[in-house]
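Here is the structure we will look at.
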Amino acid sequence: MKYMLIFRATDEAAASMGDVDLDEMIETVGKFNQELIRAGVLLAAEGLADASEGVVVDYSSEAPVVSDGPYGETKELFFGFYILNVASKEEAVEWARRQPLTGPGFKTEIRRVTEIDEFPQDNEWIKKERAWREANGQL
């Protein structure tokens with residue numbers, strides 16, 4: 001099963017990362033990534049640029065409204081993720097407990113990634129997506 005580990009931080013926690021030596025942080029995260037790779041569970045891992053570089057498309061009104069980041073109330077910002085292929089939610093939780101970016105204001109949300117096989121296979125759009133995935137080596 002695939003699970004996404006979504007890393008979140010409060011504004012204060014994110015700001016505290018500015019005090020951490022970048023080389024030290026890369027080494028710490030790199031060692032954790034190596035553990036995931038050795039265990040054969042890592043499918044993807046990415047960090048995200050600062051929220052001030054992003055935009056939000058809000059569909060609350062008839063015409064979507066585009067706003068530059070940061071996004072109004074930023075209680076917790078999503079700053080990166082892993083996608084793991086593990087046997088269970090419990091295993092995903094165990095990996096999340098071991099990840100190195102921890103402390104007050106940091107959280108990891110764990111969500112199961114739905115698989116294409118969970119959708120009606122006779123649906124025209126699912127057939128098209130399956131064909132695309134097969135052609136791109138994703139199935």
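The values are calculated or read from the model by the stated rules, or taken from the named source; none is laboratory data. Because the structure is predicted, anything quoted here is derived from the model rather than measured. We place every Cβ from the backbone using ideal geometry, glycine too, and count neighbours over all the protein chains shown. Heads up: the accessible areas ignore ligands, DNA and RNA and are worked out on the full protein's heavy atoms, side chains in. Shrake-Rupley method; radii C 1.70, N 1.55, O 1.52, S 1.80 Å.
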Please work out the average accessible area per residue across the chain, using the 1.4 Å probe convention, and give it in Å².
-> 70 Å²
Percent carbon-and-sulfur accessible area, the chain, ignoring ligands, DNA and RNA, probe 1.4 Å | 52 percent
What Rg and what Dmax come out for the range 22-62 when only alpha-carbon atoms are used, in angstroms?
-> 16.6, 49
Mind checking the full-extension length gain between residue 111 and residue 125? Use 0.36 nm per residue of separation minus the Cα-Cα distance, one decimal, nm.
-> 2.6 nm
Toy charge model, Lys and Arg Cβ at +1, Asp and Glu Cβ at -1: the chain dipole around Cα centroid in debye, rounded to 20, equals 620 debye
Looking at the range 1-47, which chymotrypsin sites (Phe, Trp or Tyr not before Pro) are DSSP coil and have at most 10 other C-beta atoms within 10 Å of their C-beta?
-> none
At 37 °C in a medium of viscosity 0.692 mPa s, the chain has a Stokes-Einstein diffusion coefficient, with Rh taken as the Kirkwood radius over alpha carbon pairs, in µm² per second, of 187 µm²/s
Considering the dipole of the range 1-116 built from charges on the beta carbon (Lys and Arg +1, Asp and Glu -1) around the Cα centre, which of 88, 99, 44 is farthest to its positive end?
-> 88
What is the extension gain from residue 138 to residue 91, computed as 0.36 nm multiplied by their sequence separation minus the C-alpha to C-alpha distance, in nm to one decimal?
-> 14.6 nm
Taking the Cα centre of the range 68-139 as origin and charging only Cβ (+1 Lys, Arg; -1 Asp, Glu), how large is the dipole, in debye to the nearest 20?
-> 220 debye
Over the range 39-139, what is the relative contact order in whole percent, taking alpha-carbon pairs under 8 Å and six or more residues apart?
-> 22 percent
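Could you work out the helix-only [θ] at 222 nm for the chain, with each DSSP H run of four or more residues adding -39,500 (n - 2.57) and the total divided by the number of residues, to the nearest 500 deg cm²/dmol?
Helix contribution divided over all residues of the chain: -10000 deg cm²/dmol.
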Which value, in Å² and to the nearest 10, is the accessible area of residue 132 when all protein chains are kept and the probe is 1.4 Å?
-> 130 Å²
